[in-house]
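S.K.: Structure provided below as structure tokens; questions to follow.
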Amino acid sequence: MRVVILPTEKEASDFAADFIEKFITEKNDSVLGLATGSSVLLTYDAIIDKYNEGNLSFKNVISFNLDEYVGLEPNHKQSYRHYMSEKLFSHIDINENNIHIPECLDGDFESTCENYESKIKSHGGIDLQLLGVGSNGHIGFNEPTSSLNSRTRVKTLTKNTIANNARFFDASEPQPSIAITMGIGTIMDAKNILLLGLGQHKSKAVADLVEGPLSSFCPGSVLQYHENAIIVLDQLAASNLKLYDYYVHSEKMNVEYMA
Ligand code: GLP
């Protein structure tokens with residue numbers, strides 16, 4: 001696990017955007033796993049800037065989103081499809097046919113989930129999965145005690161997650177309490193993973209994820225088992241890490257060796 005700690009949210013997000021840019025430059029038909037939420041917003045802004053500067057094309061990129069709420073119309077302003085369109089897709093040259101987000105209106109969710117897994121496989125698997133982390137350690141919508149081998153499925157959200165995401169919904173709007181999410185096994189199959197943790201409110205989850213025991217109680221801790229996982233943090237999110245100084249030192253050495 002490579003832990004990169006940068007002073008601010010902006011610097012951490014720029015690191016993530018540079019990483020994604022390099023990735024797509026090297027493999028222009030990359031299969032990207034994409035996340036929603038606040039943590040990735042500045043990264044998407046930076047990617048859009050790179051696109052506008054003419055440095056990046058998504059024409060051949062295939063995308064698979066992590067998750068989607070069950071029961072929201074695709075154009076509902078809190079659906080993740082709407083989020084992706086607003087925050088990224090409508091600003092870049094990605095081909096509409098290459099975008100995949102779980103379809104959560106159809107009642108046959110079992111087939112939806114199986115098809116999602118098959119589609120990922122048919123594209124050769126995910127090359128780079130972008131992740132945020134919930135304050136309870138969830139990745140995607142894999143809540144604590146999710147099987148570490150789980151595949152794409154319907155998942156009931158915890159009260160904590162519903163409360164954390166309530167800020168996006170109007171008080172009068174019903175908020176979904178279930179979602180379809182890639183499983184932890186699905187995420188772990190990605191060849192590379194980049195997780196962004198930003199802000200003090202993520203510091204406990206980040207410490208559990210990076211340094212805690214491997215446990216389904218902190219689903220993100222499974223990334224300790226991934227060969228190519230990069231955890232990108234701002235100083236606040238990193239503030240509970242016991243080996244904080246070691247990660248900073250080790251990253252400095254990495255940069256020197258790679259220079
Ligand atoms: C949400 C999403 C996750 C996201 C996480 C953190 O519930 N399903 O994909 O990474 O929780 O969200 P945020 O970045 O807004 O803190």
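S.K.: Just one of (1) in contact with a strand residue (DSSP E or B) (Cβ under 6 Å, 6 or more places away or on another chain); (2) over 15 Å from D234 (Cβ atoms); (3) not aliphatic (A, V, I, L, M) trips up Y51, so point out which.
M.R.: Of (1) in contact with a strand residue (DSSP E or B) (Cβ under 6 Å, 6 or more places away or on another chain); (2) over 15 Å from D234 (Cβ atoms); (3) not aliphatic (A, V, I, L, M), only one is false for Y51: (1).
S.K.: Here's something else I'd like to know. Just give me the residues in the stretch 193-215 being in contact with a strand residue (DSSP E or B) (Cβ under 9 Å, 6 or more places away or on another chain) and not in a helix (DSSP H, G or I), in sequence order.
M.R.: Within the stretch 193-215, I193, L194, L195, L196, G197, L198, G199, G212 meet the criteria.
S.K.: So how many residues does the stretch 33-45 have that are open to solvent by less than 10 Å² (accessible area, probe 1.4 Å) and away from the ligand (no atom under 11 Å from the Cβ)?
M.R.: Qualifying residue count for the region: 1.
S.K.: Let me ask something else. So, H100, is that one without any contact (Cβ under 8 Å) to a residue 12 or more places away in the chain, of a type outside the set (D, E, K, R) and surrounded by 14 or more Cβ atoms within 10 Å (Cβ to Cβ) or not?
M.R.: no
S.K.: Quick one: which residue in D29, D49 is open to solvent by 10 Å² or more (accessible area, probe 1.4 Å) and assigned to a helix (DSSP H, G or I)?
M.R.: Exactly one of D29, D49 is open to solvent by 10 Å² or more (accessible area, probe 1.4 Å) and assigned to a helix (DSSP H, G or I), namely D49.
S.K.: Still on this structure, please answer the following. Checking the conditions here, which among A190, A238 is within 30 Å of G107 (Cβ to Cβ), within 16 Å of the ligand (Cβ to nearest atom) and either in a loop (DSSP other than H, G, I, E, B) or open to solvent by 10 Å² or more (accessible area, probe 1.4 Å) (or both)?
M.R.: Exactly one residue qualifies, and that residue is A190.
S.K.: Could you look through the stretch 21-46, keep only residues that are touching a Leu at 6+ places or on another chain (Cβ under 7 Å) and β-branched (V, I, T), and pick out the one that is nearest to L195 (Cα to Cα)?
M.R.: That would be V40.
S.K.: Moving on to the next point. Considering the stretch 113-142 alone, what residues qualify as being within 14 Å of the ligand (Cβ to nearest atom) and surrounded by 22 or more Cβ atoms within 10 Å (Cβ to Cβ)?
M.R.: Scanning the stretch 113-142 gives Q129, L130, L131, G132, V133, G134, G137, H138, I139, G140, F141, N142.
The values are calculated or read from the model by the stated rules, or taken from the named source; none is laboratory data. Bear in mind the structure is a predicted one, so any value in this text is a computation, not a measurement. Reconstructed Cβ throughout: ideal geometry from the backbone, glycine too, with neighbour counts over all protein chains shown. To get the accessible areas, we keep the full protein, side chains included, count just its heavy atoms, and leave off ligands, DNA and RNA. Shrake-Rupley method; radii C 1.70, N 1.55, O 1.52, S 1.80 Å.
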